[in-house]
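Read the structure below first, then the notes.
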Amino acid sequence: MFKLPDLPYDYDSLSRSISKEIMELHHQKHHQTYVDKLNAAIDGVAEAQGKSLDELVASYQTLPANIQTAVRNHGGGHYNHSLFWQWMSPDGGGEPSGELAAALAAKYGNFQGFVDEFNTKALGVFGSGWAWLQPDLSIITTPNQDTPIMQGLPAPLLGLDVWEHAYYLDYKNKRDDYVRAWWEVVNWNFVAERYGK
């Protein structure tokens, strides 16, 4: 049975960009629901037992047809959010350093060029979904709770949740304000650690 991970900081720690109220709702309600519904879907299904979350999500299409959608949606939601909390930090923001910074500058001209391209992709997601920075430093998007590993791609270095539940209490319909504010809490140490692997 999968469990809701603890946040690595307090609910109000990111309040310069994301309010305590949104963090509580997002973690305690939305993420908890993904965990609960994933557990309900795989309960008693032999093909789903003993698999890590990564394995389950990446291979959801090999599972019995009657649970594939639930694992895709709720397993994907659990996978994405478990990473999302780590991609933010009270000590975040600023710019990356070292190899990651050099690689982003080489690909996008400079750090701001990368941010501009990422923002364009994030704001271009129709409805609900995610924007991702991949290990090859490409920027892709997925709808709903889909994740790159479902497509046979490597696990992302960085991801941004652009579902309305991630920002509506604070920013209403202003997704662009949320996306801009989110850069102030990005945990570049965690991103760089993933890039180094």
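When you scan segment 60-167 for helices (runs of 4 or more DSSP H) that lie fully inside it, which ones turn up with 1 or more residues that are closer than 24 Å to Asn39 by Cα?
On the way: elements: 65-70, 76-84, 98-108, 111-123.
Once the helices (runs of 4 or more DSSP H) in segment 60-167 are filtered for at least 1 residues that are closer than 24 Å to Asn39 by Cα, what remains is 65-70, 76-84.
Name the single residue, out of those in segment 54-85 being small (Gly, Ala, Ser) and within 14 Å of Thr142 (Cβ to Cβ), that is surrounded by the fewest Cβ atoms within 10 Å (Cβ to Cβ). Show your work before the answer.
Filtering segment 54-85 for residues small (Gly, Ala, Ser) gives 58-59, 65, 70, 75-77, 82.
From the residues that got through so far, the ones that are within 14 Å of Thr142 (Cβ to Cβ) too are 58, 75-77.
Working: Ala58: 21, Gly75: 32, Gly76: 24, Gly77: 24.
Among residues in segment 54-85 that are small (Gly, Ala, Ser) and within 14 Å of Thr142 (Cβ to Cβ), the one surrounded by the fewest Cβ atoms within 10 Å (Cβ to Cβ) is Ala58.
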| said: Any residue that is within 20 Å of Phe2 (Cβ to Cβ), aromatic (Phe, Trp, Tyr) and within 13 Å of the chain's Cα centre (by Cα) - is there at least one of those in segment 131-146? | reply: no
| task | All but one of (1) touching a Pro at 6+ places or on another chain (Cβ under 7 Å); (2) more than 17 Å from Asn144 (Cα to Cα); (3) assigned to a helix (DSSP H, G or I); (4) in contact (Cβ under 8 Å) with a residue 60 or more places away in the chain hold for Glu47, so report the exception by its number. | result | (4)
| query | Among all residue pairs at least 6 apart or on different chains, which show Cβ distances below 6 Å where the first residue, located in segment 157-184, is farther than 15 Å from Val115 by Cα and the second is in a helix (DSSP H, G or I) and of a type in the set (D, E, K, R)? | reply | Leu169/Glu21; Tyr171/Asp177
| Just wondering, is there one or more residues in segment 57-72 that are closer than 21 Å to Gly129 by Cβ and in contact with an Asp or Glu (Cβ under 9 Å, 6 or more places away or on another chain)? | yes
| query | Could you say whether any residue in segment 57-72 is of a type in the set (Phe, Trp, Tyr) and touching a Ser or Thr at 6+ places or on another chain (Cβ under 9 Å)? | reply | yes
| message | Just to be sure I understand the filter: pairs with C-beta atoms under 6 Å, separated by 6 or more residues or on different chains, first member in segment 109-124 and assigned by TED's automatic domain parsing to the domain that holds Val162, second member loosely packed, with under 13 Cβ neighbours inside 10 Å and at pLDDT 95 or above. Which pairs pass? | response | Leu123/Asp176
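Going through segment 93-123 one residue at a time, which ones are among the small types (Gly, Ala, Ser) and either under 21 Å from the mean Cα position of the chain (by Cα) or at pLDDT below 95 (or both)?
Filtering segment 93-123 down to residues among the small types (Gly, Ala, Ser) leaves 93-94, 97-98, 101-103, 105-106, 109, 113, 122.
Once the filter is applied, which keeps residues that are among the small types (Gly, Ala, Ser) and either under 21 Å from the mean Cα position of the chain (by Cα) or at pLDDT below 95 (or both), segment 93-123 yields Gly93, Gly94, Ala101, Ala122.
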| said: Quick check on segment 20-31. Is at least one of its residues more than 16 Å from the chain's Cα centre (by Cα) and β-branched (Val, Ile, Thr)? | reply: no
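Test Leu123 against the stated conditions and say whether it is in contact with an Asp or Glu (Cβ under 7 Å, 6 or more places away or on another chain), surrounded by fewer than 18 Cβ atoms within 10 Å (Cβ to Cβ) and not charged (D, E, K, R).
Numbers: in contact with an Asp or Glu (Cβ under 7 Å, 6 or more places away or on another chain): yes; surrounded by fewer than 18 Cβ atoms within 10 Å (Cβ to Cβ): yes; not charged (D, E, K, R): yes.
Spelling it out, Leu123 is indeed in contact with an Asp or Glu (Cβ under 7 Å, 6 or more places away or on another chain), surrounded by fewer than 18 Cβ atoms within 10 Å (Cβ to Cβ) and not charged (D, E, K, R).
The values are calculated or read from the model by the stated rules, or taken from the named source; none is laboratory data. Note that the structure is a prediction, hence the values are computed from the model and not measured. In this analysis, Cβ positions are derived from the backbone assuming ideal geometry, glycine residues included, and neighbour counts consider all displayed protein chains.
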